Amino acid sequence: MRKRIGKAMLTAVICAWLLTGCGAPQEAEEGLQIVTTVFPVYDFARNVAGEDGEVTLLLKPGEETHSYEPTPQDILKIRRCDVLICVGGKSDAWLETVLASAEGESFEVVRLIDCIEPLAEEHDDGAHHEEEYDEHIWTSPLNAVAMTGRIAEALAEADPDRAAAYRSRAEGYCGELRDLDETFRRIVEQGSRRTLVFGDRFPFLYFAKEYGLSCHAAFPGCSEESEVSAATIASLIRCVREEALPAVFRIELSSGRVAESIAAETGAQVLLLHSCSNLSKDEFDRGESYLSLMKKNADALLIALK
């Protein structure tokens, strides 16, 4: 079950925010102050903002997206920003309490899930069947185009004097995203198969739908389960064998244990498909970006679909 920040904990954090914030001197800050919740949103925003804005990422490299809890410092950053940009799914539910406590502050809140058509991910544990929206909306490059455009408009509204610069940078970046989309389409069209197996979570619902791929996985995209049933592993092994798949995937910040066990039984190689939900500290320090990671995904997909 997904971990949620408790009300008592969040109340304590907000109290600390109020105690720290009241009367605290604020340093003069140049340019638009932009706060983002997760890495892909941060990456899109910094490409649009350029030198005209300072973009802050709340989720630290290596942290688990779905169990993030804000610190008093994080709440202060939100309080002092001009624009707060989030995905807007269940993982951002903690924001509602923070925003309610920030009534009267002047920052704009941008929920990017509102600019795309959200897809429902099904959960079936044998006893219960439910659906919830998949939050990994950025895994489709065309969704990333829509998200970037929305960010540009939000920054332009917050800083009209630099509106043309924000829109120009967004246009250039969206061109690179469209090139990425064309690369994925070409790889899929030229591939000899359309099936992927993930010995891991599956945060690629939007990616799979965009390119017509059939995917099988050990866990749903937002699952925090770590134990997979023997029946599920057997089913994934059978799929790899029947489809003669050359590769089985794991995702970032994962042990890869399930993928490796499937590979050991089938002879398939284990490849990484990066959802870009978050980076490791090493990846962040190397300067990896949404585009660089997705281009590596294209290389992996080329092997998996050959």
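Out of residues 5 or more away from Thr56 or on other chains, whose amide H comes under 5 Å of its own, with H placed 1.01 Å from N in the peptide plane?
Amide H to amide H, under 5 Å and 5 or more residues apart or across chains, Thr56 pairs with Ile34, Val35, Thr36.
To the nearest 10 degrees, how steeply does helix 39-49 sit against the main Cα axis of the chain, on a 0 to 90 scale?
50 degrees
How high is the relative contact order of the chain? Use alpha-carbon pairs under 8 Å, at least six apart in sequence, and give a whole percent.
Reported relative contact order: 18 percent.
For region 191-305, what is the relative contact order in percent, using Cα pairs closer than 8 Å and at least 6 residues apart in sequence?
The normalised contact order for region 191-305 reaches 28 percent.
For Tyr133 and Ser106 in one chain, what is 0.36 nm times their gap in residues minus the Cα-Cα distance, to one decimal in nm?
6.8 nm is the gain from fully extending Tyr133 to Ser106.
Please report Rg (one decimal) and Dmax (integer) in Å for the Cα set of region 191-305.
In order Rg, Dmax, the Cα atoms of region 191-305 give 13.6, 41 Å.
Output the Kirkwood hydrodynamic radius of the chain, Cα pairs only, in Å rounded to one decimal.
20.6 Å
Read the figures in this text as sums done on the coordinates, not as results from a lab. Because the structure is a prediction, the values reported are computed rather than measured.
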